[in-house]
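None of the figures in this text is laboratory data; all of them are computed from the coordinates on show. Keep in mind that this is a model prediction, so the values were computed, not measured.
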Amino acid sequence: ARLKADVRTGEKMKRDMALVREILFYVEAQPAGKPIQEVKTSCDDINTLAEHLSIMREAGLLDGKVYGDADQGWGFMINRLTWEGHDFLTTVKNDKVWKKVLAKIKEMGTDFTLDIVKDLAKSYLKQEIGMPGKADMQVIL
């Protein structure tokens, strides 16, 4: 099914890591082996949702297809999360860790790459579970 978008808003495409996380949660919760053709999120703009699904596929987080455009309507079929998608979701799944990541992004006043968000979340997750950081590991070794 193609979903039509209202293109009158003219909003610019900006990557939203909270939406990325929300999409990953949604896909993970779906039954295995059944392609997903509808993604339910808090995002009410189909252009933004389709663009995020597309860039998430390009980043290797999702396996699937996104097709169409704002004029003709969007369609998509998500098959599953990739290994990378599962890994990223695991690092940002903990709400306490995620809030720290968002606070750091806000503090810095800029966007972060996917890798930096993942590394930052890993660092906070390690602190949360009491796992030593790199400096601590060098002392242990």
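For the chain, the 222 nm mean residue ellipticity estimated from helices alone, with every DSSP H stretch of n ≥ 4 adding -39500 (n - 2.57) and the total spread over all residues, rounds to -16000 deg cm²/dmol. In the structure shown, the pairs 14/100; 65/96; 14/106; 65/106; 14/65; 40/93 are assessed against 26 Å; a Cα-Cα span above that value is assigned to 65/96; 65/106.
Distant-in-sequence amide contacts of residue 62, defined by a placed amide H-H separation under 5 Å and a gap of 5 or more residues or a different chain, comprise 57, 82. Considering all different alpha carbon pairs of the stretch 7-100, the Kirkwood hydrodynamic radius works out to 13.8 Å.
3J(HN,Hα) along the stretch 31-45: x, 5, x, 10, x, 9, 10, 9, 10, 9, 9, 6, 6, 9, 10 Hz, from the Karplus curve 6.51 cos²θ - 1.76 cosθ + 1.60 with θ = phi - 60°, whole Hz, x for Gly and Pro. For a distance above 17 Å, tell me the whole-number percent of Cα pairs in the stretch 52-141 that qualify. The calculated P(r) of the stretch 52-141 puts 61 percent of pairs beyond 17 Å.
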